[in-house]
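**Q** Here's a structure for you.
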Amino acid sequence: MGDGDVSEFTWLDSVVLVVYILLVALIGARFGRSQASTQDYFLGGRRIPSWAIGLSVMATQASAITFIGAPGWGFEGGLERLVTFLNVPLAMAVLIFLLVPVFHRAGIYSIYELLERRFGPATRSVSAGLFLVARGLATGVVLYAPALVLSVVTGWSVNLTIVVMAVLAVSYTVLGGISAVIWTDVIQMFVLWLGALVSMGLMVASLPGGWSDVFAFGASQGMFNTFDLSLDPSVTYSLWAGLFGGIFLHIAYFGTDQSQIQRVLTSPDVPQGQRSLLIGGYLLVPQMLLFLFIGVMLATYYDQHGLAAPDNLNELFPHYVVSAFPPGLAGLVIAGVFAAAMSSLDSALNSLSAVSVRDFYTRYVRPDASEAHYLKASRWATVFWGLYATIFAFFAGNLGPVIEAVNRIGSWFYGALLGTFLLAILSHRTNARGALSGLVLGMVAVWCVESFFEISWLYNNLVGVVVSLGVGYLVSLTAPAPSAAQLSDVVIEETAPDMQALLATRAGNARTVTAEARVTHRRCLGLVAWFCVLVAGLALLQVWANA
Amino acid sequence: MHEVRPIPLSLPWRLDENMAMSRLRRLGAETFEEASLMLWAHALGRDAHDNPAGWLLCHSRARRALLWPQSLPQAHQADTTTVSLRLAASLPPSADVVSRLWFWERMAARRHWRVALREVPSRAVALPLWLGYIGARAEGRYRLVVLSGVSGEPLPVLKRAVLWELGQLAAMPA
């Protein structure tokens with residue numbers, strides 16, 4: 001397909017897009033009918049199967065920001081930024097082993113509830129407040145990115161497309177809660193992967209030499225050099241920044257961000273919650289590789305056709321789709337972008353609502369209201385956060401490259417927050433004074449490092465975790481140790497050797513519940529092996545490309 | 001001298017084995033068994049017929065007490081005769097312990113603030129439980145989950161009492 005085949009967004013494309021939108025809205029409305037409580041609204045009644053949760057996590061990660069931003073990354077730097085995501089299998093193993101069992105067994109809606117039980121109300125309120133600020137801002141960016149795409153496609157103003165998308169996302173999230181979020185994400189997952197794969201197929205078909213052109217161009221331009229072994233901490237995407245900084249980024253993102261971990265809490269039991277994370281652990285890196293590879297293919301296509309890339313690389317992929325795809329297919333790919341955007345927006349809105357209602361409204365505004373009232377309040381909170389994100393999205397265009405902007409906003413907060421959760425779970429000596437000090441100083445440390453030192457932003461979460469852990473523990477020594485009641489969610493009293501021997505005897509003689517729960521270790525080891533396979537595969541590609 | 005233990009009133013089993021297994025699996029337990037824990041019931045308030053409006057179920061080793069907001073069943077002996085693991089509180093908790101436990105319940109729910117403990121003798125009550133065990137010999141670390149056989153809710157507040165009674169049982173000569 002050459003330049004002479006330029007098409008526009010035709011009526012057929014519009015039909016494909018509208019059919020998709022109607023489908024999503026119908027599914028959202030269907031789940032809205034069966035909701036009677038906040039447990040239904042925020043946790044789907046704890047009845048959602050692990051595979052659906054896993055695909056939902058995948059869909060959210062493959063948000064419009066990835067769909068639009070990652071091809072731009074690939075176009076500009078090839079696979080170099082894959083190191084940011086290479087650690088995801090290891091991060092998932094940590095979550096499966098450490099965080100998911102504690103969160104799930106605590107029977108909580110918002111993970112910040114655990115901090116109150118462990119450290120008291122102030123720590124919960126501060127952490128939940130930080131989440132609202134960080135996720136609220138990021139949601140504005142998440143809304144802005146796909147609106148930009150629709151603006152390019154339709155010729156409407158960006159602000160108008162922001163409003164249109166916000167109304168749609170808020171509508172079905174208000175109606176269906178987390179169930180609608182997850183089940184629509186499952187559909188959206190397939191739509192956006194289909195969109196990506198169709199794009200790849202069409203691009204390859206438009207190149208005279210097909211795949212060999214892509215690999216030859218990529219190798220000649222050094223686009224398959226995933227690993228930069230530089231020890232210089234200012235190198236943004238070095239292997240070490242990706243491994244040591246990136247792993248904390250992803251543990252914090254998937255483990256302490258309510259919009260991510262809330263879905264794991266919707267699973268019926270701990271093993272299913274753990275299993276849901278396995279899907280992301282195995283498939284998130286290949287997914288990112290897919291979108292980066294689209295960027296490499298676009299670079300090949302632009303080079304062969306002598307085209308100039310747009311100034312804003314976020315517009316690169318949509319520009320290509322609209323100009324080069326035949327009628328109908330452009331609509332499908334744009335539906336994929338739309339799917340990606342919705343899957344991020346809906347989960348963010350539902351989690352923001354959950355934290356607003358559970359961590360603030362039910363504690364400070366109406367502690368004794370009925371369940372029906374809280375359900376109504378939750379829906380209004382979703383509307384409020386939709387409006388908030390819309391207003392912020394109007395200004396998101398000034399935040400630079402979209403994908404980095406979202407990660408940067410998160411990295412100011414999430415490292416310190418992860419440190420606080422690790423203190424809650426791993427340290428039995430830490431108390432409220434230490435936790436709050438660690439949380440605040442952890443964030444201050446990240447701000448200082450970012451302001452006064454030249455180091456990769458990927459290290460921000462590592463700095464936040466280290467400072468909040470160190471400060472939190474040391475300051476805790478200046479106040480009494482927590483009571484047994486405060487430790488009850490994270491510390492089990494039966495750790496004494498004599499009691500362990502007694503429980504071993506009783507457990508040995510008791511009847512078996514299931515063999516299902518015993519696979520946690522195997523799951524974690526599988527993810528570590530998968531990480532090794534990925535590293536080896538990318539290293540081989542890099543060696544081949546440079547040979 | 002052998003201690004004379006009271007015959008407790010039995011609270012009804014409402015959670016069957018399959019339901020218990022389902023809940024215990026969700027909590028991560030791999031093995032399980034049924035048990036009954038003897039608690040001491042203290043009368044609370046008065047209803048229209050001057051009977052206790054509810055009962056505070058106490059154990060001297062428990063972190064918190066349980067509230068039984070209705071009349072106690074008269075007898076359900078058959079329910080607990082098949083339970084192989086009977087955890088019996090040897091002595092009722094002291095008045096101070098009961099007062100403290102009741103204070104925490106009143107603090108937790110404002111509607112209980114005006115309700116008073118009645119000065120009538122406490123009664124022994126057997127609470128049905130499902131005990132789940134998390135962990136494996138290979139890991140060398142075990143954890144206990146206590147599930148109510150009445151409501152199916154996890155009862156972490158009773159864990160200390162159950163562990164204490166398990167320890168007492170193990171220390172008794174065979």
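The values are calculated or read from the model by the stated rules, or taken from the named source; none is laboratory data. Every value quoted in this text rests on a predicted model; they were computed, and no experiment measured them. Ideal geometry is used to build each Cβ from the backbone, glycine not excepted, and the neighbour counts take in all protein chains shown.
**Q** For region B:17-52, give me the residue count where each residue is away from every other protein chain (no Cβ under 14 Å) and not basic (Lys, Arg).
**A** So the count comes out to 16.
**Q** Scan A:Pro101, A:Pro89, A:Pro71 and give me the residue that is more than 16 Å from the chain's Cα centre (by Cα) and more than 14 Å from chain B (Cβ to nearest Cβ).
**A** It is A:Pro71.
**Q** Another question, if that's okay. Considering only region A:167-176, I want to know if a residue exists there that is touching a residue at least 12 places away in the same chain (Cβ under 8 Å) and of a type in the set (S, T, N, Q).
**A** Yes, region A:167-176 contains at least one residue that is touching a residue at least 12 places away in the same chain (Cβ under 8 Å) and of a type in the set (S, T, N, Q).
**Q** Considering only region A:104-123, state which residues are touching a residue at least 40 places away in the same chain (Cβ under 8 Å) and either within 14 Å of chain B (Cβ to nearest Cβ) or more than 29 Å from A:Cys524 (Cβ to Cβ) (or both).
**A** Answer for region A:104-123, where residues must be touching a residue at least 40 places away in the same chain (Cβ under 8 Å) and either within 14 Å of chain B (Cβ to nearest Cβ) or more than 29 Å from A:Cys524 (Cβ to Cβ) (or both): A:His104, A:Arg105, A:Ala106, A:Ile108, A:Leu114, A:Arg117, A:Arg118, A:Gly120, A:Pro121, A:Ala122.
**Q** Just one of (1) in contact with a Pro (Cβ under 9 Å, 6 or more places away or on another chain); (2) surrounded by fewer than 24 Cβ atoms within 10 Å (Cβ to Cβ); (3) away from chain B (no Cβ under 14 Å) trips up A:Val149, so point out which.
**A** Going through the list (1) in contact with a Pro (Cβ under 9 Å, 6 or more places away or on another chain); (2) surrounded by fewer than 24 Cβ atoms within 10 Å (Cβ to Cβ); (3) away from chain B (no Cβ under 14 Å), A:Val149 breaks only (2).
**Q** Take A:Gln274 and decide whether it is out of contact with any Gly (no Cβ under 7 Å at 6 or more places or on another chain), surrounded by 22 or more Cβ atoms within 10 Å (Cβ to Cβ) and under 13 Å from A:Met92 (Cα atoms).
**A** Answer is yes for this residue.
**Q** Does B:Ala126 qualify as being at pLDDT below 85, touching a His at 6+ places or on another chain (Cβ under 9 Å), on the phi < 0 side of the Ramachandran plot and surrounded by 21 or more Cβ atoms within 10 Å (Cβ to Cβ)?
**A** Taking the combined requirement at face value, the residue does not satisfy it.
**Q** Can you tell me how many residues within region A:21-51 are surrounded by 14 or more Cβ atoms within 10 Å (Cβ to Cβ), assigned to a loop (DSSP other than H, G, I, E, B) and in contact with a Pro (Cβ under 9 Å, 6 or more places away or on another chain)?
**A** Summing the residues that are surrounded by 14 or more Cβ atoms within 10 Å (Cβ to Cβ), assigned to a loop (DSSP other than H, G, I, E, B) and in contact with a Pro (Cβ under 9 Å, 6 or more places away or on another chain) in region A:21-51 gives 2.
**Q** Given the criteria surrounded by fewer than 22 Cβ atoms within 10 Å (Cβ to Cβ), in contact with a Ser or Thr (Cβ under 8 Å, 6 or more places away or on another chain) and part of a helix (DSSP H, G or I), does A:Phe360 qualify?
**A** Yes: the conditions hold for A:Phe360.
**Q** Restrict the check to region A:439-458 and report whether at least one residue is touching a residue at least 60 places away in the same chain (Cβ under 8 Å), surrounded by fewer than 24 Cβ atoms within 10 Å (Cβ to Cβ) and of a type in the set (Gly, Ala, Ser).
**A** Yes, there is a match, as at least one residue in region A:439-458 is touching a residue at least 60 places away in the same chain (Cβ under 8 Å), surrounded by fewer than 24 Cβ atoms within 10 Å (Cβ to Cβ) and of a type in the set (Gly, Ala, Ser).
**Q** A further question follows. Considering only residues that are touching a helix residue (DSSP H, G or I) at 6+ places or on another chain (Cβ under 7 Å) and aromatic (Phe, Trp, Tyr), which ones fall in region B:141-164?
**A** Passing the criteria: only B:Tyr142.
Quick grid of which residues meet (1) at pLDDT 90 or above; (2) more than 13 Å from A:Leu423 (Cα to Cα); (3) part of a helix (DSSP H, G or I):
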| residue | (1), (2), (3) |
| --- | --- |
| A:Leu458 | no, yes, yes |
| A:Leu462 | yes, yes, yes |
| A:Ser468 | yes, no, yes |
| A:Val475 | yes, no, yes |
| A:Pro480 | no, yes, no |
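**Q** Moving on. Which of the residues spanning region B:70-103 are modelled with pLDDT of 80 or more and over 16 Å from B:Ala41 (Cα atoms)?
**A** Of everything in region B:70-103, those that are modelled with pLDDT of 80 or more and over 16 Å from B:Ala41 (Cα atoms) turn out to be B:Leu85, B:Arg86.
**Q** How many residues are part of a loop (DSSP other than H, G, I, E, B), within 17 Å of B:Leu158 (Cβ to Cβ) and over 10 Å from the mean Cα position of the chain (by Cα) when one looks only at region B:51-74?
**A** 4
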